[in-house]
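Read through the structure below, which is laid out as structure tokens, and then see the notes.
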Amino acid sequence: MSASGEAPLVISQPTPAFLDLVGKAARDTHDKTISTKEKLAKLGFTSRCEDVHKEFKKSYLDKIQPGSSTATVLDPNKIVSWWQPTTWVLTGGSFRIRSKVSAVVIPLVKDGNPRIEYYDHRGVTSSVDWNVGSVIYLAGDSSLMSDGCGNTSFIFFLFTMETDS
């Protein structure tokens, strides 16, 4: 796992079993990923994407330890609600991750050599090691941006978090 600063960004490398599931889901999204021209396009969530979602919950989300760098971004004990995961293609530009939200991104396909950057709430920019199958935890009040030098598809999870008052 790697962390940056106060851990607004944490990346977990995939297990072989998880990477196998990601590879199967990537086959479902590959053609649409490389042919998409929109800066951000939503794809259908296939049964193979659902398999990745289930394995993420079992092998990653359920194993986050309190006090770990991952828990500083996504503490399962502070999740208030979550949205249905979605699959997206990013070809360029950026999108925001609201405050009071944590996100998890799992890259499926990377076509070309897009540079992906994460901008945190303090204005600090981090280059993201955007490797297929990685589990990337992102703190809210931030944005993710691609330089447009290729297309990438990914599964995107959003969690509304309890805030410290």
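Being among the polar types (S, T, N, Q) and either assigned to a helix (DSSP H, G or I) or within 17 Å of V52 (Cα to Cα) (or both) is the filter here, so list the residues in the range 80-110 that pass it.
Q84, T86, T87 - these are the residues of the range 80-110 that are among the polar types (S, T, N, Q) and either assigned to a helix (DSSP H, G or I) or within 17 Å of V52 (Cα to Cα) (or both).
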Check your understanding: Are there any helices (runs of 4 or more DSSP H) wholly within the range 2-79 with 3 or more residues that are in contact with an Asp or Glu (Cβ under 9 Å, 6 or more places away or on another chain) and open to solvent by less than 60 Å² (accessible area, probe 1.4 Å), and if so which?
Key -> 16-35
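Return the total of residues in the range 111-123 being farther than 17 Å from S142 by Cβ and in a strand (DSSP E or B).
Qualifying residue count for the region: 2.
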Check your understanding: What are the residues in the range 131-160 that are modelled with pLDDT of 95 or more, crowded, with 18+ Cβ neighbours inside 10 Å and in a loop (DSSP other than H, G, I, E, B), if any?
Key -> G133, S134
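Take the conditions within 14 Å of E162 (Cβ to Cβ) and under 15 Å from the mean Cα position of the chain (by Cα) and apply them to L90. Does it pass?
no
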Exercise for review: Looking at (1) within 20 Å of Q13 (Cα to Cα); (2) touching a residue at least 60 places away in the same chain (Cβ under 8 Å), find the lone condition where V124 falls short.
Suggested key: (1)
Review point. Right, W83: under 21 Å from S35 (Cβ atoms) and open to solvent by 60 Å² or more (accessible area, probe 1.4 Å) or not?
Key: no
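The values are calculated or read from the model by the stated rules, or taken from the named source; none is laboratory data. Just so it is clear, the structure is predicted and the values come from calculations on it, not from any experiment. When we count neighbours, we look across all protein chains shown, and the Cβ atoms used for this are built from the backbone with ideal geometry, even at glycine. Side chains included, ligands, DNA and RNA excluded: accessible areas come from the protein's heavy atoms. Shrake-Rupley method; radii C 1.70, N 1.55, O 1.52, S 1.80 Å.
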